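Chemist: Quick one: the structure is below, questions incoming.
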Amino acid sequence: MSARPRLARHWRRISGVGAVELVPQTRLSGPMPWVIAIMVALTVIAAAAGLALRNAVQETEAELEGGITVQIVEASPTVRAQQARAAAEVLHAMPEVAGLRVVPQEELAALIGPWLGTLDTDVETAVPVPALIDVRIKGAVTPERLVAMQRKLRGVAPSARVDAQSTWLKPVFDAIASLQWLAVALVALLTVALSAAVLLAARTALGANRDTIEIVHLLGGTDRQIARVFQRSIAVDATGGGAIGLGLAALVVKFLGRRFAGLGAGLVDSGALGLTDWLLLALVPVLAVVLAMVTVWFTVMHTLRKML
């Protein structure tokens, strides 16, 4: 009869009833919650970077949609001004043109000033700056429409060059696309790393409690009951670690956002995260909890089948 109390104590350990658990630990004091917190924080930061890059590209492409730049590349300021006025009149008469604006020379000088310095006002020694006309057309900008517009301007402005504004930033968009794929790869790698860490922790806990698990099997305990014990344990650890990781990542993202906003660059400013983006980032710790629980379930069930 003395064996029955011992078996009852073992059953309380495996079922989680009473003060003793199968996986004894003080919550948020062991390594597992902090490992999950680090993984979640890195995942949120990588995902936030990918979302910010996506926002920057989408808003920039929306601003450049239908945008065409006409340059009057002429050394003589007088001829350049005459051709710019004639080109503006021809463009204004085109039905496909929704609007246009001749960029003042003072504005051009201010734009290139940081690179070339203050431009000389002397006509003979001044650096020739092309005249620019910002044009908005109806519909998409296609190579055929650019060629047709170039042909119409050739008679009144031989020095005119017609370019789509989006082509200027195409190398930048290609680089941003590569960075977006890098962010996706980082999120995938961190997901695999989190699964591996949970799997290793589950196997370690199973090995440390092997004797107790065998006794519970003798008492009639099922593999599913044992797996639920481990799931409850990892759920608590993953919830606490995920919350800490999300908080740390939010601080980092906010800090970096303010630093980049101080640059005053339009492409950077358009990459700000919106409410929907933050809601998506808030799902990362939730998915981490689900992933940890699923990983523990299959790990425990597979290991227990091999133990029998």
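The values are calculated or read from the model by the stated rules, or taken from the named source; none is laboratory data. Keep in mind that this is a model prediction, so the values were computed, not measured. All Cβ positions, glycine included, derive from the backbone under ideal geometry; neighbour counts span all protein chains shown.
Chemist: Which ones in segment 91-105 are under 19 Å from Val147 (Cβ atoms) and in contact with a helix residue (DSSP H, G or I) (Cβ under 6 Å, 6 or more places away or on another chain)?
Modeler: Correct list: Val97, Leu100.
Chemist: How many residues, within segment 66-88, are in a helix (DSSP H, G or I), surrounded by 18 or more Cβ atoms within 10 Å (Cβ to Cβ) and out of contact with any helix residue (DSSP H, G or I) (no Cβ under 6 Å at 6 or more places or on another chain)?
Modeler: 4
Chemist: Any residue in segment 236-261 that's over 14 Å from Leu287 (Cα atoms): show its pairings with residues that are among the β-branched types (Val, Ile, Thr) and surrounded by fewer than 18 Cβ atoms within 10 Å (Cβ to Cβ) at Cβ separation under 6 Å, as long as the two are six or more apart or on different chains.
Modeler: Close Cβ pairs satisfying both conditions: Phe260/Val268.
Chemist: With the requirement that a residue be closer than 18 Å to Leu146 by Cβ and either loosely packed, with under 15 Cβ neighbours inside 10 Å or aromatic (Phe, Trp, Tyr) (or both), what does segment 49-64 give you?
Modeler: Within segment 49-64, Glu61 is the sole residue that qualifies.
Chemist: Collect the residues in segment 218-253 that are under 20 Å from Leu190 (Cβ atoms) and either in contact with a Cys (Cβ under 7 Å, 6 or more places away or on another chain) or small (Gly, Ala, Ser) (or both), keeping them in residue-number order.
Modeler: Within segment 218-253, Ala235, Ala238, Gly240, Gly241, Gly242, Ala243, Gly245, Gly247, Ala249, Ala250 qualify.
Chemist: Hey, could you check segment 147-186 for residues that are out of contact with any strand residue (DSSP E or B) (no Cβ under 9 Å at 6 or more places or on another chain) and of a type in the set (Val, Ile, Thr) and say which is modelled with the lowest pLDDT?
Modeler: Once the filter is applied, the top-ranked residue is Thr167.
Chemist: Something else: Looking only at segment 174-198, which residues are in contact (Cβ under 8 Å) with a residue 12 or more places away in the chain and surrounded by fewer than 16 Cβ atoms within 10 Å (Cβ to Cβ)?
Modeler: Once the filter is applied, which keeps residues that are in contact (Cβ under 8 Å) with a residue 12 or more places away in the chain and surrounded by fewer than 16 Cβ atoms within 10 Å (Cβ to Cβ), segment 174-198 yields Ala177, Leu179, Val184, Ala193.
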